[in-house]
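The values are calculated or read from the model by the stated rules, or taken from the named source; none is laboratory data. Every value quoted in this text rests on a predicted model; they were computed, and no experiment measured them. Positions of Cβ are generated from backbone atoms using ideal geometry, with glycine treated the same way; all protein chains shown enter the neighbour counts. Ligands, DNA and RNA are stripped out before the accessible areas are found, and what is left, the full protein with its side chains, is counted by its heavy atoms. Shrake-Rupley method; radii C 1.70, N 1.55, O 1.52, S 1.80 Å.
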Amino acid sequence: MNPLERLASALPKAELHLHLEGTLEPEMTFHLARKHGAKLRFPNATALRQAYQFKNLQSFLDLYYEGAGVLRDQEDFHVLTAAYLERAVKDGVWHVEPFFDPQTHTARGIQIKEVVEGIVGALKEGEKKHGITWRLIPCFLRHLDEADARKTFDGLLPFREHFTAVGLDSSEQGNPPSKFERVFARVREAGLHVVAHAGEEGPAAYIRDALEKLKAVRIDHGVRCVEDPEMVKELARKQIPLTTCPLSNVRLGVYAGLKEHPLKKLLDAGVSVTANSDDPPYFGGYLLENWTACLRELNLEAKHLIQLAKNSFSGSFLPEKEKGKWIEKINRVGSSVG
Ligand code: ADE
Ligand code: ZN
């Protein structure tokens with residue numbers, strides 16, 4: 001490990017963009033398929049992993065929703081979440097704000113209670129075992145209609161205490177945030193924050209839509225803001241966090257390679273950008289692998305790594321006092337490692 005890789009590893013980090021269904025490793029897919037007597041169209045885990053080659057977001061989502069079909073009972077959601085936390089700890093992750101997609105499961109007849117209690121049980125256990133804190137974020141699937149999101153939200157309300165925000169994900173093009181304006185008004189009335197995937201494959205205008213129509217306080221991905229220099233300035237001035245996912249963007253063809261990724265440019269422009277893993281087994285890396293790939297390909301310096309770590313906590317939904325403690329700790333690590 002070179003000194004910058006040592007620093008990347010040692011810095012405390014928060015993961016702000018991670019889909020729990022997207023942490024399903026092929027070996028676990030096969031294990032759960034065997035448990036439920038489900039048939040998969042791949043002969044083994046290696047063949048499934050080899051199929052992780054995507055043209056665009058939709059070609060990934062098709063496989064991701066298919067894979068999620070093996071998640072069927074509370075124990076499955078528990079095991080999935082616990083395995084992710086075990087892995088995250090190794091990367092120096094101390095706080096997580098994972099997403100999950102309720103509609104992917106309720107559409108298959110699975111009770112939302114099973115999903116939420118499986119995930120929350122594992123998050124609580126992880127907090128006890130590893131000291132990892134958490135905030136949980138259900139997302140609406142934007143390829144479905146607003147009425148479905150509204151029905152889903154009604155189903156989530158009995159579990160309201162477990163959630164901090166509601167997000168918006170799935171197929172972006174042709175599904176602007178404004179499609180969900182009324183349901184997100186209800187989300188805010190329930191005292192929950194709004195976050196939204198925007199400007200991943202969709203245009204920069206969708207970022208503005210998410211901010212203005214949904215009142216999103218954090219933008220997931222948001223990389224296409226670079227096409228609108230006024231928007232970059234506004235994001236920097238308002239310190240709206242962007243949860244970018246560099247390896248995901250390359251694997252889904254948003255950029256031909258990491259060298260084209262705007263992470264460093266956005267950091268240098270003062271935008272509160274973070275680097276996250278999105279759906280790690282599908283895109284070839286957990287959090288630290290995203291960081292070290294950027295380190296290599298974008299020639300990041302120590303100041304960039306320290307800023308990424310600080311942004312990950314300042315952009316989180318932790319209380320201000322907690323954020324302050326982590327930022328002090330990052331300053332201490334930043335001056336002692338390298
Ligand atoms: N669901 C899981 N990963 C996603 C991504 N990168 N974009 C939109 N929806 C998703
Ligand atoms: Zn995502």
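Side notes on the structure shown:
- Checking each residue in the stretch 275-313 for being farther than 13 Å from VAL250 by Cβ, of a type in the set (Phe, Trp, Tyr) and within 16 Å of ligand 1 (Cβ to nearest atom) picks out only TYR286.
- Number of the condition not met by ALA210 [criteria: (1) assigned to a helix (DSSP H, G or I); (2) under 20 Å from VAL232 (Cα atoms); (3) in contact with a Lys or Arg (Cβ under 8 Å, 6 or more places away or on another chain)]: (3)
- From the list LEU168, LEU144, the one residue that fits, being more than 16 Å from ligand 2 (Cβ to nearest atom) and either buried (at least 20 other Cβ atoms within 10 Å of the Cβ) or at pLDDT 95 or above (or both), is LEU144.
- Scanning the stretch 1-21 for residues that are part of a loop (DSSP other than H, G, I, E, B) and either within 16 Å of ligand 2 (Cβ to nearest atom) or among the polar types (S, T, N, Q) (or both), we see that the one that is modelled with the lowest pLDDT is ASN2.
- So GLY222, is it closer than 17 Å to SER312 by Cα, within 16 Å of ligand 1 (Cβ to nearest atom) and either of a type outside the set (A, V, I, L, M) or surrounded by fewer than 17 Cβ atoms within 10 Å (Cβ to Cβ) (or both): yes
- Helices (runs of 4 or more DSSP H) (entirely within the stretch 22-83) containing at least 1 residues that are under 25 Å from LYS129 (Cβ atoms), open to solvent by 20 Å² or more (accessible area, probe 1.4 Å) and in contact with a helix residue (DSSP H, G or I) (Cβ under 7 Å, 6 or more places away or on another chain): 26-36
- Qualifying residue in the stretch 150-162 (condition: polar (S, T, N, Q) and either open to solvent by 20 Å² or more (accessible area, probe 1.4 Å) or within 20 Å of PRO241 (Cβ to Cβ) (or both)): no
- In the stretch 234-241 there is at least one residue that is within 16 Å of ligand 2 (Cβ to nearest atom) and either touching an Asp or Glu at 6+ places or on another chain (Cβ under 8 Å) or touching a residue at least 24 places away in the same chain (Cβ under 8 Å) (or both).
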